[in-house]
1. Tell me which strands (runs of 3 or more DSSP E) are completely within the range 43-111 and hold 3 or more residues being within 20 Å of Phe124 (Cβ to Cβ), or say none if there are none.
2. Just give me the residues in the range 112-127 being in a loop (DSSP other than H, G, I, E, B), open to solvent by 20 Å² or more (accessible area, probe 1.4 Å) and either touching a His at 6+ places or on another chain (Cβ under 7 Å) or not charged (D, E, K, R) (or both), in sequence order.
3. Take Ala19 and tell me if it is under 20 Å from Glu94 (Cβ atoms) and either assigned to a loop (DSSP other than H, G, I, E, B) or out of contact with any helix residue (DSSP H, G or I) (no Cβ under 8 Å at 6 or more places or on another chain) (or both).
4. For the range 95-131, which positions are of a type in the set (D, E, K, R) and in contact with an Asp or Glu (Cβ under 9 Å, 6 or more places away or on another chain)?
5. Identify all residues within the range 160-217 that are at pLDDT 80 or above, in a strand (DSSP E or B) and β-branched (Val, Ile, Thr); write none if there are none.
6. Can you say whether Thr8 is among the hydroxyl-bearing types (Ser, Thr, Tyr) and in contact with a Leu (Cβ under 6 Å, 6 or more places away or on another chain), as far as the supplied structure shows?
7. Quick one: in the range 12-45, which of the residues that are more than 24 Å from Val139 (Cα to Cα) and modelled with pLDDT under 95 is most open to solvent (accessible area, probe 1.4 Å)?
Amino acid sequence: MAELHFFTGTMDSGKSTLALQTNHNHAARGRVGRIFTTHDRAGQAVLSSRLGLTHDALEVDADFDFWSYVVDTLTRGGRIDYLICDEAQFYSAEQIDQLAKVVDELQIDVFAFGILTDFRSQLFPGSGRLVELADRMNVLQVEALCWCGKRATHNARTEDGVMVTDGEVVVVGDVDQVDEPPAHVAYEVLCRQHHRRRLTAARAKAVSLAPEPLPFG
């Protein structure tokens, strides 16, 4: 029986790497699949991981219809055994419904990968619908870490190094490294405590380096 799988974790937890590995494993067994993504950090129509691995993909825009694409491909004599759907948090709820229909009506496996919440700690519509519909939901075991060493559970956005909690939901950036200058728009994974306090790695470092006030007397 085909199933709708949802693999989730914070940024920097290896979702895209697992998507590429999943595709490799199935293709190595002679299965034929299609890879989809949207808003990938490497640009359009490519699935990339932070380890440097990439693969051509089909770009999912707001008007893309998974059901129509798969039915049209099969009608034309094509073969599809499974779908790899990266950055699924950016898909619409309707597109997730289409993926569920592909699984149920056409018996094609769907493997979706995405983060649960945005930088405001609110569910993405696509991820929320996947939680509601997925046959299997898998939390990735590769734990991303906050700068303090605790398990990271929240995704933070920084602008010019300052954490923000409002703005456009979809702004493509990358996980900012602690030892590199902050990008104009970057992302960082934090534990709940430091996300709530808006204490990013850069801010924590700045606080630790601040001169102590001189004693009176």
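The values are calculated or read from the model by the stated rules, or taken from the named source; none is laboratory data. Nothing here was measured: the structure is a model prediction, and the numbers come from that model. Here Cβ is always computed from backbone atoms with ideal geometry, including for glycine, and neighbour counts include all displayed protein chains. We work out accessible area using only protein heavy atoms, side chains counted, and drop any ligands, DNA or RNA first. Shrake-Rupley method; radii C 1.70, N 1.55, O 1.52, S 1.80 Å.
1. Numbers: elements: 46-48, 54-56, 82-85.
The strands (runs of 3 or more DSSP E) meeting that bar are 82-85.
2. If we filter the range 112-127 for residues that are in a loop (DSSP other than H, G, I, E, B), which is where we start, we get 115-116, 118-122, 124.
With the extra rule that they be open to solvent by 20 Å² or more (accessible area, probe 1.4 Å), the set shrinks to 116, 120-122.
Across the range 112-127, the qualifying residues are Leu116, Ser121, Gln122.
3. In short, no.
4. Just the residues of the range 95-131 that are of a type in the set (D, E, K, R), to begin with: 97, 101, 104-105, 109, 118, 120, 129.
Listed by number, the residues that qualify are Asp109, Arg120, Arg129.
5. Listed by number, the residues that qualify are Val162, Val164, Val185, Val189.
6. Numbers: among the hydroxyl-bearing types (Ser, Thr, Tyr): yes; in contact with a Leu (Cβ under 6 Å, 6 or more places away or on another chain): yes.
When the stated conditions are applied, Thr8 passes them.
7. Gln44
Rundown of residues vs (1) of a type in the set (Lys, Arg); (2) at positive phi; (3) in contact (Cβ under 8 Å) with a residue 40 or more places away in the chain, yes/no style:
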position	(1), (2), (3)
Asp118	no, no, yes
Arg129	yes, no, no
Glu143	no, no, yes
Asp160	no, yes, no
